[in-house]
1. Report the FRET efficiency, 1/(1 + (r/R0)^6), for LEU19 and ARG124, where r is their Cβ-Cβ distance and R0 is 41 Å, rounded to 0.05.
2. Over the alpha-carbon set of the range 52-111, work out the extent along each principal axis and list the three values in angstrom, largest first.
3. Probe 1.4 Å, all protein chains in place: accessible area of ARG82 in Å², nearest 10?
4. Karplus couplings for the range 54-60 from phi (6.51 cos²θ - 1.76 cosθ + 1.60, θ = phi - 60°), rounded to Hz, Gly and Pro as x?
5. May I ask you to compute the full-extension gain from ALA152 to ASP110, defined as 0.36 nm times their residue separation minus their alpha-carbon distance, rounded to one decimal in nm?
6. Which value, in Å² rounded to 10, gives the accessible area of PHE13 with a 1.4 Å probe and all protein chains present?
7. Residue separation times 0.36 nm, minus the C-alpha to C-alpha distance between TRP9 and ALA137: what's the value?
8. Multiply the residue gap between ARG56 and ALA86 by 0.36 nm, knock off their C-alpha separation, and tell me the result in nm, one decimal place.
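The values are calculated or read from the model by the stated rules, or taken from the named source; none is laboratory data. All values derive from a computational prediction rather than experimental measurement. Here the Cβ is made from the backbone with ideal geometry for all residues, glycine too, and neighbour counts use every protein chain on show. Ligands, DNA and RNA are stripped out before the accessible areas are found, and what is left, the full protein with its side chains, is counted by its heavy atoms. Shrake-Rupley method; radii C 1.70, N 1.55, O 1.52, S 1.80 Å.
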Amino acid sequence: MKAARAPRWAVSFADLCLLLLGFFILLQAQNGRTDGLAAGLRSAFGTAAAAGEAARDLRFAAAGLFERDEAVLTAAAAERLRAIGAEARAKGRRVRIVSEGQGGGNARLDRWELAAARTAAIARGIRAGGLDEQAIAIAIPATSGTAPAGQAITVRIEGAR
């Protein structure tokens, strides 16, 4: 006599139920402490923040950091970025730079080239503070035609290297 076999879909359904159960356990364990949960997940995936220190985001409008329609930092912006790099180096932290949107462009650079050049200039400004190039990551996510006007740049100071 043959043993009855469960339908194939039952295994996939059981996997889905277990994943949902794990997700809801994580939500319940959070219990209002988002920083602790986020730090735990980062450490599980190898990007742990230093003990007791959460990641910090600094958001800038590119127009306030650069000369008009150029990828040249103002003196004040260069000094601020240098200080961010020095602080990250002193604490052994990593920096992630995320650029969203595009600038207006000029005669030399179109709006995408200007956005990329400005993002690279910010990385160079942070590196001028003594932070190792390997500790700096740059991200320029894909944008659609509905991207907001102007360029916004987020500098995220993350956990230990």
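1. Details: r = 43 Å, r/R0 = 1.05.
The computed FRET efficiency comes out at 0.45.
2. So the three principal-axis extents are 46, 23, 15 Å.
3. Solvent-accessible area, nearest 10 Å²: 90 Å².
4. So the Karplus estimates, Gly and Pro as x, are 8, 5, 10, 9, 10, 10, 10 Hz.
5. 13.4 nm
6. For PHE13, the solvent-accessible surface is approximately 110 Å².
7. Contour length minus Cα-Cα distance gives 41.9 nm.
8. 9.3 nm
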